[in-house]
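Written below as structure tokens is the structure these notes are about.
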Amino acid sequence: MTESSSNSTPSAATQGWSVQDKVSASLRSRKRKEKAFKNLGLASVLVSLALVAILFINIFSKGIPAFWQTSMELDIYFDPQIVNVPEKPVQQADESFYDFDNRLQEWETELGFVNFNALINNAIIPLLPDFERSQTRFLTQLITSGERHALRQMVMDDPSVIGQTKTLRLLTAANIDVWLKGNIDRDLPDEQQQLPALVRDWADQLYAEGAIQNRFSTALFMNPDSRSSLASAGLAGAFVGSFYMMLIVIFLAIPMGVAAAIYLEEFAPKNKITDVIEVNINNLAAVPSIIFGLLGAAVFINWFNLPMSAPVVGGLVLSLMTLPTVIIATRSTLRAIPPSIRSAALGLGASRTQTVFHHVLPLAIPGILTGSILGVAQALGETAPLLLIGMKSFVASVPQTPFDQSTALPVQIYLWQGNELRNFFEARTSAAIIVLLMLMLSLNALAIWLRRKLEVRW
Amino acid sequence: MTQAQANPATTVTARNVEVFYGDTQAIKGIDLDVHTNEVLSFIGPSGCGKSTFLRCLNRMNDTIAGCRVTGSIELDGKDIYHPSVDEVLLRARVGMVFQKPNPFPKSIYDNIAYGPKLHGLVERKPELDDIVESSLRRAGLWEEVKDRLHAPGTGLSGGQQQRLCIARTIAVSPEVILMDEPCSALDPIATGIIEELIHDLKEKFTIVIVTHNMQQAARVSDRTAFFHLGDLVEVSPTDELFTNPKNKRTEDYITGRYG
Amino acid sequence: MNNLIVIAALLAVMTLAYQLGMAKSGKQASRLAREKNHQAMHSRPHHHGALVAFWATVPAFAIFLLWSWFAPWMVNQMVIAQLPDHLAQLSGNELNAVLRRISNIANDFVSGGVLADWEIAAAQYYREMQEIAYAIMLALVSAAVALGLFLSYRKVNPALRARNAMEKVIKAVLIISSTIAILTTIGIVLSMVGETLRFFTYVSPTDFFFGTTWNPRFSTVGTGQQGEFGLLPLLSGTLLVASVALLVAIPLGLLSAIYLAEYAPKRLRNVAKPIIEILAGIPTIVYGFFALVTVGPFLAGLGDSVGLDIRATSALTAGVVMGIMIIPFISSLSDDILTQVPKSLRDGSLGLGATKSETIRKVVLPAALPGISGAVLLAASRAVGETMIVVLAAGNSPNLTANPFEAVSTMTVTIVNQLTGDNDFSSPQSLVAFALGLTLFVITLILNIVALLIVRKFREQYD
């Protein structure tokens, strides 16, 4: 065992001083490398942090101004000369619903012929001292077209406004907003400007006088998307669509995920099958989201004939996508609960099921909640699978039920970023992103808060 | 080689060493000399500060956040905690073997070559081969592994792994080797081999060994230091300490009243 | 809305049945208690209650669900049979539109236009059929409730193992839930394999897998002009973008993880780690937008200033932004893995006089390498399957190129393009999306499984 004493010693490392000298000689360059390595690491952290900062500053600086939009407060006189329609029909006692409906539609069609622009123009003209009759056709470029539909809707809902003057705040056209906020180069030659010189002058003049004001825009939140009246395009439809989908995710993915996790962690025998399930779930969590979109397109839409673009299909697809996340989070929470608690309950004569549902599950609730909320947040931000189930199509209304055509917040962002009126929609898209990020952030904050509040320590 | 007797040469001199972990004091003013080419063992109940003190000797405590050392520890007359002293150099001179065998996940050869390569002790491959062979021989492992130098070090048995770690330490030719309970994870046979090895290594190196096994201290060491609750209670030649302890606390401990 | 009433009624029945079952078994229990016969009652009253409630409602609910699935189809078929001939002949989508209009009329959601006589007739018929279907459903559900309640209530007796029965039910629910994950995978595979096989009836697998041109013309089936469906340009684009992403993310992520795990003071670590992890939570559409409006123009400008021709939307733009996105995947997984490398290895190296960076580079990283390569593979799988960033920022032109400064297209982009166009679902132009999806699924599956196995093995090694 111990031939060492009989062995000759090596030449280089015999004497302490020789080692010391050699080590000292290498020290300087080694220390330099040490420092360089450490600085490289620090630089990477700083770069990563800087990237987060750049991303957020970029989005916020672009998006925040879009929460304010230029609008005009006008005294609209519902001139009976212009709004010249008969009385709104009322259903007669002996009239069938279908007959009444036909009459109502005739009336609405007639209302559709009314020149509501003229009402708006009449309200604006007094504000423009140098106005000439020949310039009338330019007036429509000031106010976004959606507002005349809003006026028509007012009359349709309550015909008694005819003959009255109402003070209304109307959104200016998107191009006016762009011009006044300086989102287009003001020095561009005329032919590259979106607006004729005359309208630009009017806008400047009205803005200077305070007739056009930059106000916090509720349109962004209250209106559905619009293509004809860009300035009034809003997120309401997307909100409701996303809301339905999240409801479906919450009521499908979370209970199922928790149940699956309970089974796998607490009941399932450890064998090949559960091993396959385990690998399968881990893999499913890493499958690209677009694959779930393909699944949705093939199974829910093509086989089951569920409607395209409907939140119910989106919700199902997102539920399948969120399921593995919930399972994994729940399992790791269950695993962290000390076995002593199970043994204690089992020892008192509780059945396996009672042990799990009375003793283990209550302790796991904070972890399950946190994991589920994070899963929902992830689902909220998902875009790709929704495109494949038809949510890319433009929907100009707020969905009434989960079976109606709808869009979702991230898809709305996708649709807006592609709009031709870049100068307007870059900011509006950023604003929509801020809204989405804020929603996700609040979900995350909720998760962190719950974890702090409910945390159990052993 | 001089025997540690009347006026032995001293390698390490510790004076009034105190160690704090945050606000807790782990070591309370210890004075201790380590003599050249002796085996000095530290014994004492767990938590008495023996490992902490050992780790002061090559500044391994630096790697623990919130650990603070005061007093002076001199190696060959130079304070090792002086700002000008580099812990890299110090650790090359004061090697360490740990409680659990910790071979790197590399080949046996690379485990041994790691230190010499790091410190630039060799320029050419044959020299390195020499160091590897002689270190393994010294650690009594050469015959067992010479045919599989490029097999992973983690594939060896526990006792072999610990000898590999010892070989790895002596490959940089330190002056002092610190051993922190080197046999606590090993079976009695492997322990016996390591103890024999320690006995042989004494010829070349100064060895400080922490052990919670009093028989081991009695078997391997020239002198033994007894630690209790952060105090150095007594340090005497091993025979004396075990047969005729000066201090009541030492006596209680070695007779098994507490531990 | 009528369905909601049924569900509410079932819930009410459930409460009632629970109370009934509990009351009956409670009476039995107290009788047994009076007779000092405590052992005879197998289950507690609330177990009996739950079991009665289960039998009274769950079968009924299952019938309700099945009927809600089946009845609309039935009604539609009957309405179609009633329609004038020229309408009944219509094909899929048009017929659906007609049916939708009829159902809207029947339910008083009139969507404009004057109603034709046949529409009114059909709507009235539709409404009648709906009412009949609803009545049948009510009858079936009530029968199921009555039967379930009667039978299970009669069976309540001290010897009935109600708790065990309930536990079986619970366990069945748990098992069904855990098979959903498996069913999803099977669903993915089956649906994609099915559609892919249909695609291969138009285009041969060789042309698909080895074709070097991607040019699917938007033509209808049967005109002979089908276009070329070569996978290689898309695959190369995918790999190019993913490589750029990994080139950005691996150094940044790994070095950040090393710094945060080994060097950073605790306070910096506690702040920096969650901030970097924010990057993983940001929706990919946001990255896509960021790439399109900020990073792309920036890189193009940068290219201009050094004389390189970089397109604003290119593999580089998409790759860089995707790299930013996957930094946290690499950094947090690596961080996990680095902290799992035992301290004893670090001590061993430091004890020999190695500097910290030498210890990290020569001992810790080699020991962590398997785990880290697992992390990189997972990140690679994420990069290959990422969609929105490339849809917006990769330029969408299927070139077979290795030049990252050029615009490319990827498999994911093409899936989106082919399925969101106006193509008929059964045309090769649409079906190819499934062939691409299957290819993508197989690639990511391999990456994921290898990565998961490596990481698992690594964990076991140091557990």
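No value in this document is a laboratory result; all are computed from the given coordinates. As the structure is a prediction and not an experimental result, all values here were calculated from the model. We place every Cβ from the backbone using ideal geometry, glycine too, and count neighbours over all the protein chains shown.
When +1 charges are put on Lys and Arg Cβ atoms and -1 charges on Asp and Glu Cβ atoms, the dipole computed for segment C:215-343 relative to its Cα centre reaches about 340 debye.
Using a simple charge model, +1 on the beta-carbon of Lys and Arg, -1 on the beta-carbon of Asp and Glu, nothing else, what dipole does the protein assembly as shown show about its Cα centre, in debye to the nearest 20?
Values: 94 positive and 98 negative charges, 830 e Å.
Approximately 3980 debye in magnitude.
Please report, in cubic angstrom per residue, the volume enclosed by the convex hull of the alpha-carbon atoms of the protein assembly as shown.
Numbers: hull volume 309.0 nm³, N = 1180.
So the per-residue Cα hull volume is 262 Å³.
Modelled this way, with points 7 Å down the Cα-to-C-beta line, the labels at residue A:75 and residue A:211 are 1.3 nm from one another.
If you fit an axis through the alpha-carbon atoms of helix C:232-258 and take the longest principal axis of the Cα set of chain C, what angle between them do you get, 0 to 90°, nearest 10? The angle comes out near 80 degrees.
Tell me, A:222, B:60 in order of fewest to most beta-carbon neighbours within 10 Å?
Working: A:222 13, B:60 24.
Exposure proxy ranking, most exposed first: A:222, B:60.
Summed over qualifying helices (DSSP H, 4 residues or more, each -39500 (n - 2.57)) and divided by its residue number, chain A shows a 222 nm mean residue ellipticity of -19000 deg cm²/dmol. A DSSP coil position with no more than 14 other Cβ atoms inside 10 Å describes the following GluC sites (Glu not before Pro) in segment B:102-195: B:123.
With R₀ fixed at 51 Å, the C-beta to C-beta distance from residue A:449 to residue A:35 puts the FRET efficiency at about 0.80. Computed from backbone phi with θ = phi - 60° and the Karplus coefficients 6.51, -1.76 and 1.60, the 3J(HN,Hα) list for segment C:14-31 is 4, 4, 4, 4, 4, 4, 4, x, 5, 4, 4, 6, x, 4, 4, 5, 6, 5 Hz; x is used for glycine and proline.
Placing a label point 7 Å from the Cα of residue A:105 along the Cα-to-Cβ line, no residue of segment A:143-169 has its backbone N under 17 Å from it.
Here the residues A:452, B:59, ranked from fewest to most Cβ neighbours within 10 Å of their Cβ, fall in the order A:452, B:59.
For every other residue with a beta carbon closer than 13 angstrom to the beta carbon of residue B:170, add +1 if it is Lys or Arg and -1 if Asp or Glu, then tell me the sum.
Taking every Cβ under 13 Å from that of residue B:170, the sum is +3.
When the charge dipole of the protein assembly as shown is built from unit charges on Cβ atoms (+1 for Lys and Arg, -1 for Asp and Glu) and taken about the Cα centre, the candidate among C:230, A:441, B:126 whose Cα reaches farthest toward its positive end is B:126. Placing a pseudo-label 7 Å from each Cα along the Cα-to-Cβ vector at residue B:251 and residue C:81 gives an inter-label distance of 11.1 nm. Taking the number of Cβ atoms within 10 Å of each Cβ as an exposure proxy, the fewest-first ranking of C:127, A:428 is C:127, A:428.
In a shell of Cβ-Cβ distance under 15 Å around residue C:207, excluding residue C:207 itself, what net charge do Lys and Arg (+1) and Asp and Glu (-1) give? Before the final figure, lay out the partial values.
On the way: positive: C:217; negative: C:228.
The answer is 0.
Dipole of segment C:228-458 computed with +1 at Lys/Arg Cβ and -1 at Asp/Glu Cβ about the Cα centre; of C:324, C:414, C:295, farthest Cα towards the positive end is C:324.
Between exposed GluC sites (Glu not before Pro) in chain A, where DSSP calls loop and at most 14 other Cβ atoms lie within 10 Å, what's the longest gap? Before the final figure, lay out the partial values.
On the way: sites that count: A:3, A:87, A:95, A:132, A:420, A:455.
Longest site-free region, per DSSP loop and neighbour criteria: A:133-419.
With a cut-off of 14 Å between beta carbons, the residues surrounding residue B:85 carry a summed charge of -1, where Lys and Arg count +1 and Asp and Glu -1.
Under 8 Å for C-alpha pairs, at least 6 residues apart: give me the relative contact order for segment C:2-157, rounded to a whole percent.
Normalised by residue count, the contact order of segment C:2-157 is 33 percent.
In this rough spin-label picture, where each label sits 7 Å from Cα along the Cβ direction, the residue A:68-residue A:24 distance is 6.9 nm. Applying 1/(1 + (r/R0)^6) with R0 = 41 Å to the Cβ-Cβ distance of residue C:270 and residue B:72, what FRET efficiency is obtained, to the nearest 0.05? Working from the Cβ atoms, E equals 0.70. Between residue B:46 and residue C:460, take the C-beta separation as r, use R0 = 30 Å, and let me know the FRET efficiency to the nearest 0.05. Approximately 0.50, to the nearest 0.05.
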